[in-house]
Amino acid sequence: MKAAVFRSNEDGDEEEEEEEESVCNGFFTSLLLMEEYDKQEQEARDAASRRELSELQSNYRKRARTMSDYYSDLNAHYEENVDIKTKKPRASRAVACVSAAAVTECSEIEAERSEITGSGSVGTGQQRRLWVKDRSRAWWEECNRFDYPEEDFRRAFRMSKSTFELICEELNAAVAKEDTALRNAIPVRQRVAVCIWRLATGEPLRLVSKKFGLGISTCHKLVLEVCKAIKDVLMPKYLQWPDDESLRSIRETYEAMSGIPNVVGSMYTTHVPIIAPKISVAAYFNKRHTERNQKTSYSITIQAVVNPRGVFTDLCIGWPGSMSDDKVLEKSLLYQRASNGGLLKGLWVAGGAGHPLLDWVLVPYTQQNLTWTQHAFNEKMSEVQRVAKEAFGRLKGRWACLQKRTEVKLQDLPTVLGACCVLHNICEMRDEKMEAELMVEVVDDEVLPENALRSVSAMKARDSISHNLLHHGLAGTSFL
């Protein structure tokens, strides 16, 4: 009986142990199932996060590409169809607004992407990137080659390679720029080439942009910068009043040419067409050109004194086209220096019919019924005047921008015109040959001044010179 009870107790203990073991096994099995469930749930969340990130990145690229294409199309539209001078401010504002919207859009998308990925541009080591339109520079790279034909280079830039190199060397310190973290600086040679090609051809900035692979606004900026550098750096060196020794040589050359003594320069005033300005329109209206061409014309004046080689020795640029030649002369610094400072005491500057007769300005006879003596003098004066006219013909032929209306702002025109005159002097001093078909015949209607005779002593001196020319066999007989 005791044995039975004992056995019964043992059986009960074994059942309790089995029950406890079963409970423990169930508990560990539940833990494993929970861990497996959590693992699967985490994997599902990760997969969903990756899909969301992929979709966001795809949308980001599509939206950025769409905004970039829209910006490029709009920019191209304004470049091709809008007049740069009159429409550029409005076009620039529109393009700037679209550009700002594109930048804002991309920034917002980038911020969203950073929030999802948990990483941004700060601290990741990524470099900033700048979007630049891809443009072809094949033409300029071809011209810039060492073995590029000399004649082709001269035809494109109106000067030889050696003269171009001289100008680049002279302007290097004034126009060179340093590279930045975003882009490399445009080389000095390309900067100078953009300006010279623009002045030489007179082509619109849109074509300059395509030739050199640069933006239109960049080309416009380069032209003004290089012209200013030419005015500041090269003008004091290549355009200056002759010294005493040079004046003596000029006097001898003009006297050998015409028989008229003491002439140190041939003076002429020409007009450069411009777009009608927004202010003082009447002042720039050129009545004479309008009547001759049957087309409304506006212009700006260039007065120059020229030596026998065709080099400008004095300039007066920028007065409105409605002013007559004598009024332009009175506004010039040469007039002040000669009238008050005695710069040309005992010397002559040969002027045209539109200039007054002064103590230092010698002009042809303009009254009717001229004597043979006066005809002879006018004939010789025309030879001296031809030097200045031909110099202006080469100036306008070499720099075709002076033959057509330009979109350069009125306040920047004197700098651009001055740069053309300095480049002309450099080419003339270095005997740069110009193709005959490029030569321009200068036609400027001269208006007789209201007070043409302003010096009694100059009248007597002119009569004496006329008498000597005829009666000493210096006048020739072509006037007959």
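The values are calculated or read from the model by the stated rules, or taken from the named source; none is laboratory data. Quantities reported herein were computed from a predicted structural model and do not represent experimental measurements. Don't worry about glycine lacking a Cβ; one is built from the backbone with ideal geometry, like all the others, and counts go over all protein chains shown. All accessible areas refer to the heavy atoms of the entire protein, side chains included, with ligands and DNA or RNA removed. Shrake-Rupley method; radii C 1.70, N 1.55, O 1.52, S 1.80 Å.
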Q: Consider residue 434 carefully, then state whether it is farther than 24 Å from residue 322 by Cβ, of a type in the set (A, V, I, L, M, F, W, C) and assigned to a loop (DSSP other than H, G, I, E, B).
A: yes
Q: Mind counting the residues in the range 167-181 that are assigned to a loop (DSSP other than H, G, I, E, B) and either aromatic (Phe, Trp, Tyr) or in contact with a helix residue (DSSP H, G or I) (Cβ under 9 Å, 6 or more places away or on another chain) (or both)?
A: 2
Q: Give me a count of the residues in the range 161-185 that are over 16 Å from residue 227 (Cβ atoms) and among the β-branched types (Val, Ile, Thr).
A: 2
Q) Would the range 400-417 turn up any residue that is assigned to a loop (DSSP other than H, G, I, E, B), acidic (Asp, Glu) and either open to solvent by less than 50 Å² (accessible area, probe 1.4 Å) or more than 26 Å from residue 348 (Cβ to Cβ) (or both)? A) yes
Q: Can you tell me which residue among 465, 426 is modelled with pLDDT of 90 or more and more than 32 Å from the chain's Cα centre (by Cα)?
A: 465
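Out of 205, 222, 214, 182, I need the residue that is modelled with pLDDT of 95 or more and either open to solvent by 30 Å² or more (accessible area, probe 1.4 Å) or within 19 Å of residue 401 (Cβ to Cβ) (or both). Which one?
Result of the check over 205, 222, 214, 182: 222.
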Q) out of contact with any strand residue (DSSP E or B) (no Cβ under 8 Å at 6 or more places or on another chain), assigned to a loop (DSSP other than H, G, I, E, B) and exposed (fewer than 13 other Cβ atoms within 10 Å of the Cβ), is that true of residue 446? A) no
Q. Within the range 185-227, can you find the residues that are part of a helix (DSSP H, G or I), more than 10 Å from the chain's Cα centre (by Cα) and charged (D, E, K, R)?
A. 189, 206, 210, 211
Q: Output the residue which, of all residues in the range 247-261 that are among the polar types (S, T, N, Q) and at pLDDT 95 or above, is farthest from residue 441 (Cα to Cα).
A: 249
Q. Within the range 244-260, can you find the residues that are under 21 Å from residue 468 (Cα atoms) and in contact (Cβ under 8 Å) with a residue 24 or more places away in the chain?
A. 250, 251, 253, 254, 257, 258, 259, 260
Q) How many residues does the range 256-292 contain that are surrounded by fewer than 17 Cβ atoms within 10 Å (Cβ to Cβ), touching a helix residue (DSSP H, G or I) at 6+ places or on another chain (Cβ under 8 Å) and assigned to a helix (DSSP H, G or I)? A) 1
**Q.** Residues located in the range 320-348, provided they are of a type in the set (Phe, Trp, Tyr) and either assigned to a helix (DSSP H, G or I) or open to solvent by 60 Å² or more (accessible area, probe 1.4 Å) (or both)
**A.** 335
Q. If we scan the range 305-319, do we find a residue that is open to solvent by less than 60 Å² (accessible area, probe 1.4 Å) and more than 28 Å from the chain's Cα centre (by Cα)?
A. yes
